[in-house]
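Reading through the structure tokens given below for one structure.
The values are calculated or read from the model by the stated rules, or taken from the named source; none is laboratory data. Here the structure is a predicted model, which is why all the values come from computation and not from measurement. We work out accessible area using only protein heavy atoms, side chains counted, and drop any ligands, DNA or RNA first. Shrake-Rupley method; radii C 1.70, N 1.55, O 1.52, S 1.80 Å.
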Amino acid sequence: MKTYKIRRDRLETRAGILKALAHPTRLFLLEELAEAPHCVCELTEMVGSDISTISKHLSVLKNAGLVGYEKKGKQVWYHLRMRCALTVSYTHL
């Protein structure tokens, strides 16, 4: 039973990552962050959506461990933490 519990925890983590990848906007954000770090205002302009929507998407990615962030003054800059996430999202289609 203990083996199942340990394995289930790992599987739930993997499922969370896949859920975070399961949105076109979040995939776009990951692609952009793979090129360079961006502040929320830049990503908002690229997507053409409001800041609250982009912030929510970034929060989902951050909670899944896919992106990290750094505050610089009043701006928040995001960067890609898990480059392999892009590989997973494209090689298994």
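Karplus-based coupling profile of region 12-21, in residue order and whole Hz: 5, 5, 4, 5, x, 5, 5, 4, 5, 7, with θ = phi - 60° in 6.51 cos²θ - 1.76 cosθ + 1.60 and x standing for Gly or Pro. Spatially close Lys pairs in the chain, defined by Cα atoms under 30 Å apart and a spacing of eight or more places or different chains, total 15. Seen from all directions on average, the chain presents a Cα convex hull projection of 7.0 nm².
Taking amide H atoms as placed 1.01 Å from N in the peptide plane, the amide H of Cys39 lies under 5 Å from those of Tyr78, each 5 or more residues away in sequence or on another chain.
Averaged per residue, the chain has 69 square angstrom of accessible surface, using a 1.4 angstrom probe with ligands and nucleic acids left out.
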